[in-house]
Amino acid sequence: MTAILYTIGKNNTCQKIAIFLALLLFNTGCDSFVEVSQPSGQLTTETVFQDRATAEAAVTAVYSSMRDTGILSGSNISITTKMGAYADELNFYGTSSNTTLNFYNNTLLPSNPQVNNWWKAAYSQIYATNSLIEGISNSKQLSQADKDQFTGESLFIRSLIHFYLMNLYGDVPYITSTDYVSNNRAVRRPAEFLYSKIIEDLLVSYSLLQEKYLTTERTRPNKAVAMALLARVYLYSQHWAEASNAASYIINKNDIYKWESDLNKIFLKGSTTTIWQYKPALEGQNTAEGGAMILLAGPPSDVALNPMFVDSFETGDLRKQKWIGSVSKGSLSWSFAYKYKTKLMTSASVEYSIQFRLAEQYLIRAEARAYQGDLIGAKEDLNKIRRNAGLNDTNALSQQEIIAAVKTERRYEMFTESGHRFFDLKRNGDLDAVLTGVKFGWNSTDRLLPIPESELILNPNLQPQNPGY
């Protein structure tokens with residue numbers, strides 16, 4: 001691959017970016033991220049960061065990688081499907097060769113290819129962001145404003161991916177450089193350290209990003225996107241005041257993030273409640289979630305909504321009516337997530353894959369306020385969500401009752417969105433109580449996925465394996 005670099009014409013932006021990304025993303029995806037040799041991609045750094053166009057293309061290509069592969073792709077190999085089946089949102093109906101089966105039956109092994117692919121894709125994307133940060137910093141051609149924007153975006157991505165890695169695998173390395181020697185010896189870090197690094201990166205990201213979006217489609221992070229992730233991170237790490245304040249920052253920007261009362265419009269690409277979303281690769285494409293979740297006929301070839309979940313909605317809940325569809329064959333029927341309503345290509349894209357949206361911020365603030373003792377404020381935020389679903393205000397009165405009510409509301413508002421159900425059960429210590437006896441083969445140690453076997457072999461510093469594997 002190194003030889004190819006010398007044949008690139010310096011004026012050919014597409015070629016430069018293609019080679020740069022091949023080195024950053026795909027080369028690191030072939031082996032362990034800790035096995036990466038000294039990056040020959042340094043040979044292209046000067047040309048890639050000579051001007052704004054090539055630097056921007058390199059940054060946005062990382063979003064494309066996240067959209068198309070790995071943990072947050074939204075497809076049937078993402079956590080939306082796999083962790084939905086791992087918890088109690090989705091039932092599995094596919095064949096024994098389908099990788100969802102081991103998630104559904106809780107029979108994961110350290111050799112599981114999906115567990116391995118998530119890890120490798122995540123650290124490949126992290127490696128790419130680190131290379132971007134270094135290249136942007138060393139550039140003598142980019143303006144300071146462009147450096148700030150691209151670095152802020154890269155730090156946001158690095159934080160986001162580490163956040164999901166730690167919530168899936170537990171203690172993981174926090175990688176901040178492209179130094180192949182130190183990466184090859186990386187050690188796992190505890191949650192307290194990981195949260196501190198994630199928060200540190202996000203605060204810098206927030207300081208560098210602009211207030212306004214770079215595009216009208218909300219596909220590139222601004223300050224509010226960094227703050228949305230900060231609100232989630234603060235909630236998970238039980239920094240209640242900080243979580244409440246971060247969520248309020250977004251909620252109070254009601255000139256940008258406007259409440260939508262029509263549930264059928266919330267997941268459209270132009271929704272005023274969207275904070276950040278992926279843009280499809282081609283015009284006319286829609287979301288991977290719609291492609292994975294919507295059933296055109298039965299029986300399902302992979303997953304469908306758990307009937308117990310569907311039956312548990314309150315009477316009159318509009319989310320059941322608007323966000324759940326069904327198909328039947330003979331006397332059998334299956335329900336599916338219908339938040340995204342477009343499965344196939346259309347003449348123009350109508351839905352983008354939403355990663356952060358306004359309703360989550362109200363639920364974050366409701367929970368954080370309840371833990372701080374602001375029960376009136378917590379109920380106001382909770383009831384904002386309930387009224388939009390056509391439900392009466394909550395009957396919860398005590399702090400404990402309100403916290404429980406928020407947990408319940410998150411289940412029905414955030415279902416089949418990037419594994420929220422599993423992560424909520426986990427962070428609240430409810431996995432065993434909810435899944436024991438409901439999920440076949442559930443064990444307490446299943447709260448963490450196994451560290452990929454191949455990674456433990458390549459880097460003994462990642463030992464020991466997670467309990468239960």
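Just so it is clear, none of the values below were taken in a lab; they were calculated from the coordinates. In this text, all values refer to a predicted model and were calculated from it rather than measured experimentally. With ideal geometry, Cβ positions are generated from the backbone for all residues, glycine too; neighbour counts draw on all protein chains shown.
The table that follows gives values for the structure above.
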{"quantity": "FRET E, pair ASN392, PHE440, Förster distance 35 Å, beta-carbon r, rounded to 0.05", "calculated": "0.45"}
{"quantity": "Rg followed by Dmax, in Å, when the range 317-405 is reduced to its Cα trace", "calculated": "17.4, 52"}
{"quantity": "Cα centre as origin, Lys/Arg/Asp/Glu Cβ charges: the chain dipole, Debye", "calculated": "620"}
{"quantity": "For the chain, alpha-carbon Rg relative to the globular expectation (2.2 N^0.38 Å, N residues)", "calculated": "0.96"}
{"quantity": "Cleavage-rule hits, trypsin sites (Lys or Arg not before Pro), the range 129-178, DSSP coil, Cβ neighbours within 10 Å at most 14", "calculated": "LYS140"}
{"quantity": "Sparsely packed chymotrypsin sites (Phe, Trp or Tyr not before Pro) within the range 56-117, loop by DSSP, other Cβ within 10 Å at most 12", "calculated": "none"}
{"quantity": "Coil-residue chymotrypsin sites (Phe, Trp or Tyr not before Pro) of the range 245-341, DSSP, other Cβ within 10 Å capped at 15", "calculated": "TRP259"}
{"quantity": "Axial C-alpha extent at least 15 Å, average Kyte-Doolittle at least -1.0 - helices from the chain (DSSP)", "calculated": "52-68, 113-138, 144-169, 191-208, 223-236, 240-251, 358-372, 375-388"}
{"quantity": "Span per principal axis, largest first, for the Cα atoms of the range 327-469 (Å)", "calculated": "53, 49, 36"}
{"quantity": "Rg and Dmax [Cα atoms of the range 238-412; Å; Rg one decimal, Dmax integer]", "calculated": "17.7, 53"}
{"quantity": "Span from the the range 113-190 Cα centroid across to the the range 251-291 one, whole angstrom", "calculated": "27"}
{"quantity": "Given charges at beta-carbon only (K, R positive; D, E negative), |dipole| of the range 353-413 in Debye", "calculated": "140"}
{"quantity": "Using a Förster distance of 30 Å, the FRET efficiency for LEU458-ALA191 (Cβ separation, nearest 0.05)", "calculated": "0.80"}
{"quantity": "Cα convex hull volume per residue for the range 74-118 (Å³)", "calculated": "70"}
